[in-house]
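The values are calculated or read from the model by the stated rules, or taken from the named source; none is laboratory data. Fair warning: this is a prediction, and the values are worked out from it, not measured in the lab. Using ideal geometry, Cβ is built from the backbone for each residue, glycine included, and neighbour counts are taken over all protein chains shown. Just the protein is used for accessible areas: all its heavy atoms, side chains included, with ligands, DNA and RNA removed. Shrake-Rupley method; radii C 1.70, N 1.55, O 1.52, S 1.80 Å.
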Amino acid sequence: MMIEDLDELRKKAWEYLDAKRVPHVAGCEKEAVKLAQFWKEDVRDSAVAAMLHDCTKRLPYSANLAIIEESGQTVDQGLLAEKKLLHAVTGSIIAVKDFSVSDRIASAIRWHTTGKPDMDLLEKIIYLADYIEETRDFEGVDKLRSLAYKNIDEAMSLGLKMSVENIRERGNEPYIDSILAYEYYNREE
């Protein structure tokens, strides 16, 4: 059953987190609410998605696989190989199962790590809030923060470009959903 009171939901959601992740999730919620107010998205849905976006992040790989198997969902081998990305899939499953969130909130949680082409506004808000929340500190974050309040699609373009380039600089190939999202949001450049 969905917990109606946001303070109660926050308390319950934080039980799913390692203590060191709480400041990030709190920052993500704060940023998601600000972005939702600015872009006229549902503030409650944005807050709930942000609170729950990393709810399975602390789980070991085997537990994430078990959640996927139990749900009946399938994921491709590329995603299975990217252990850091599985929490987005399993987080969306647990958010529905344990917190009864709507499909749109589950989708925002599902796509917060990789992005995808043609994201809806809530999905963009959670992707960007996770990336630019106040505890994040990396080269270009201030520019991305500013752009998120000027043109959200251009912010998606820049955020995805930065993410893909960072992954490649580390000698890895980005997951296909990130590539497709990057191509979609950078198609007019």
> Condition test on V48, is it in contact with a helix residue (DSSP H, G or I) (Cβ under 8 Å, 6 or more places away or on another chain), in contact (Cβ under 8 Å) with a residue 40 or more places away in the chain and part of a helix (DSSP H, G or I)?
Replying inline: yes
> If we keep just the residues of region 65-85 that are touching a residue at least 40 places away in the same chain (Cβ under 8 Å) and assigned to a helix (DSSP H, G or I), which is nearest to V48 (Cα to Cα)?
Replying inline: L85
>> I need the full set of residues from region 15-38 which are surrounded by fewer than 16 Cβ atoms within 10 Å (Cβ to Cβ) and not basic (K, R), in order please.
In response: E15, D18, A19, V22, P23, Q37, F38
> Considering region 13-28 alone, what residues qualify as being free of Cβ contacts under 8 Å to residues at least 60 places away in the same chain, in a helix (DSSP H, G or I) and over 10 Å from T135 (Cα atoms)?
Replying inline: W14, A19, K20, R21, V22
>> Being open to solvent by 20 Å² or more (accessible area, probe 1.4 Å) and under 22 Å from A129 (Cα atoms) narrows it down to one residue among D54, D7; which is it?
In response: D7
